[in-house]
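Notes follow the structure.
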Amino acid sequence: MRGDGSVYQAAGSRFWHYVFWVDGRRVKGSTHEVDEERARRMLDKKREAMKRGDEVPHEDRVRLADLRDLLVKDYERKRNRSTATMRSTFKHLTAFFGEKARAVRLGDKVDDYIADRRAAGAAEGSIRIELALLNRAFRLAVKKRKLSPRSRPDIELPKEDKQSVRRGFFRRADVERLSAALPPAIADVVTFLFFCPWRIGAARRLEWRDYSEADRALTLRPELNKTGHELRIPVDDENTPELMAVVERQKARRRPHCGFIFHGRSCGTLRLDKQGHRRPCLGDFQKVWDRACAAIGMTGRIPHDLRRSGVKHYIDAGVDPHTVMAWSGHRTPAMLRRYHIIDLDDLRRAGKRASDYRGPKENVIKGDFGRTVPEPSQTDGNSRVA
């Protein structure tokens with residue numbers, strides 16, 4: 001029968017070949033057997049493996065380029081805004097394995113890839129991201145029945161390097177000293193990012209249409225936010241005087257044909273990105289930043305440290321974490337915890353609170369060294385009440 005398939009001898013080959021159909025698709029190949037009976041047993045074995053899902057028709061033809069294409073389509077379907085970043089990251093995989101590398105043979109070479117990337121000086125975090133993309137591409141291939149589950153390699157990601165997590169931050173006094181060492185226009189950006197801990201890319205793209213004098217509020221549009229969610233913060237003299245002062249100074253610097261709040265050297269020059277959108281005026285200010293950091297003795301800090309610093313400042317000020325997330329735009333408490341850096345001063349305050357705590361007021365007695373200690377409960381199971 002057609003569904004059972006058959007074996008035949010191909011012209012010019014000493015091996016028997018098989019052919020059968022699965023879900024309307026023809027599957028054929030060589031049995032690598034010269035005996036017809038053994039070839040029929042191979043046919044039965046192949047057919048049963050296909051039915052169980054242990055094998056997928058023509059899975060040996062799936063290439064690394066096919067895995068990448070599945071990943072791109074998945075990103076586009078989900079409307080992920082990081083498609084370009086994903087493509088750039090995936091290039092490291094294609095550079096090592098080659099676009100035509102067979103997917104079923106990649107698993108044995110993953111360790112070689114890790115060693116090659118480390119030798120090239122790649123960070124552990126970068127290698128983890130690259131292999132995570134490859135692993136996701138394999139999952140999609142299995143889901144789309146391009147590969148069988150057993151053909152998907154077990155890709156073990158390198159352990160996260162905890163030392164690579166940045167822990168630099170600024171106190172408010174540090175930010176004030178840093179601002180004094182910067183040009184006024186850049187100092188306003190620094191002040192804004194400390195009291196409004198958004199990403200610097202979002203601040204660059206803020207426009208005057210995002211600021212409402214009537215509502216006394218500033219809005220971060222969803223398309224400007226990495227998470228795709230809108231954020232809204234108050235800007236007024238009473239509650240956020242530092243932000244209000246920044247906005248007022250930027251108003252004074254406002255230029256006629258520029259809609260951006262923060263300005264830079266390219267202000268007034270029309271520059272478009274790949275999507276045809278106007279590029280922000282505020283560009284890279286790393287050089288003046290580095291000089292200012294060196295001037296105040298805080299070399300090695302980066303502008304993104306202001307986001308961590310702002311989060312810590314709000315939490316240290318007693319703002320509850322849920323409200324801080326509404327300011328910073330963090331979507332999960334776990335991510336917020338990563339930004340709330342515990343330093344030695346925090347531990348000193350904790351130790352002082354523990355030292356000052358005397359226990360419940362209704363249940364203390366004088367102890368050794370002239371200090372008060374909690375009195376054992378009189379209702380303990382091992383005590384007898386008089």
Discussion item. Can you list residue pairs whose Cβ atoms sit under 9 Å apart, with the first residue in segment 286-312 being over 19 Å from Pro184 (Cα atoms) and among the polar types (S, T, N, Q) and the second being open to solvent by 50 Å² or more (accessible area, probe 1.4 Å) and in a helix (DSSP H, G or I)? Count only pairs 6 or more apart in sequence or on different chains.
Written reply: Thr299/Asp290; Ser309/Arg172
Response to the item:
Checked Glu213, Glu223, Glu230 against criteria (open to solvent by 20 Å² or more (accessible area, probe 1.4 Å), under 16 Å from Trp327 (Cβ atoms) and without any contact (Cβ under 8 Å) to a residue 12 or more places away in the chain); the one match is Glu230
Item to complete: From (1) in contact with a helix residue (DSSP H, G or I) (Cβ under 8 Å, 6 or more places away or on another chain); (2) in contact (Cβ under 8 Å) with a residue 24 or more places away in the chain; (3) not polar (S, T, N, Q), pick out the condition that doesn't hold for Leu43.
Response: (1)
Worksheet item: Does segment 79-86 include one or more residues that are surrounded by 15 or more Cβ atoms within 10 Å (Cβ to Cβ), farther than 26 Å from Val22 by Cα and among the polar types (S, T, N, Q)?
Response: yes
Worksheet item: Identify, please: which residue in segment 188-210 is β-branched (Val, Ile, Thr) and open to solvent by 20 Å² or more (accessible area, probe 1.4 Å) and is, among those, modelled with the lowest pLDDT?
Response: Ile200
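Quick grid of which residues meet (1) among the basic types (Lys, Arg); (2) in a helix (DSSP H, G or I); (3) modelled with pLDDT under 95; (4) in contact with a strand residue (DSSP E or B) (Cβ under 8 Å, 6 or more places away or on another chain):
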{"residue": "Glu48", "(1), (2), (3), (4)": "no, yes, yes, no"}
{"residue": "Val56", "(1), (2), (3), (4)": "no, no, yes, no"}
{"residue": "Asp60", "(1), (2), (3), (4)": "no, yes, yes, yes"}
{"residue": "Ala65", "(1), (2), (3), (4)": "no, yes, no, no"}
{"residue": "Glu76", "(1), (2), (3), (4)": "no, yes, yes, no"}
{"residue": "Leu93", "(1), (2), (3), (4)": "no, yes, no, no"}
Discussion item. Within segment 173-185, take every residue that is surrounded by 20 or more Cβ atoms within 10 Å (Cβ to Cβ) and outside any loop (DSSP other than H, G, I, E, B) and give me the one that is farthest from the chain's Cα centre (by Cα).
Written reply: Leu178
Practice prompt. Report yes if Glu160 is within 30 Å of Leu106 (Cα to Cα), out of contact with any strand residue (DSSP E or B) (no Cβ under 7 Å at 6 or more places or on another chain) and either part of a loop (DSSP other than H, G, I, E, B) or among the polar types (S, T, N, Q) (or both), otherwise no.
Written response: yes
Worksheet entry | Residues located in segment 119-130, provided they are open to solvent by 60 Å² or more (accessible area, probe 1.4 Å), in a helix (DSSP H, G or I) and either under 25 Å from Thr83 (Cα atoms) or in contact with a strand residue (DSSP E or B) (Cβ under 8 Å, 6 or more places away or on another chain) (or both) | Arg128, Ile129
Discussion item. Among the residues that make up segment 188-209, is at least one of them basic (Lys, Arg), over 22 Å from Val319 (Cβ atoms) and within 23 Å of the chain's Cα centre (by Cα)?
Written reply: yes
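The values are calculated or read from the model by the stated rules, or taken from the named source; none is laboratory data. It should be emphasised that the depicted structure is a prediction, and the values quoted were computed from it without experimental measurement. So basically every Cβ, Gly included, is an ideal-geometry build from the backbone, and we count neighbours across all protein chains shown. Calculation scope for accessible area: heavy atoms of the full protein, side chains included, ligands and nucleic acids excluded. Shrake-Rupley method; radii C 1.70, N 1.55, O 1.52, S 1.80 Å.
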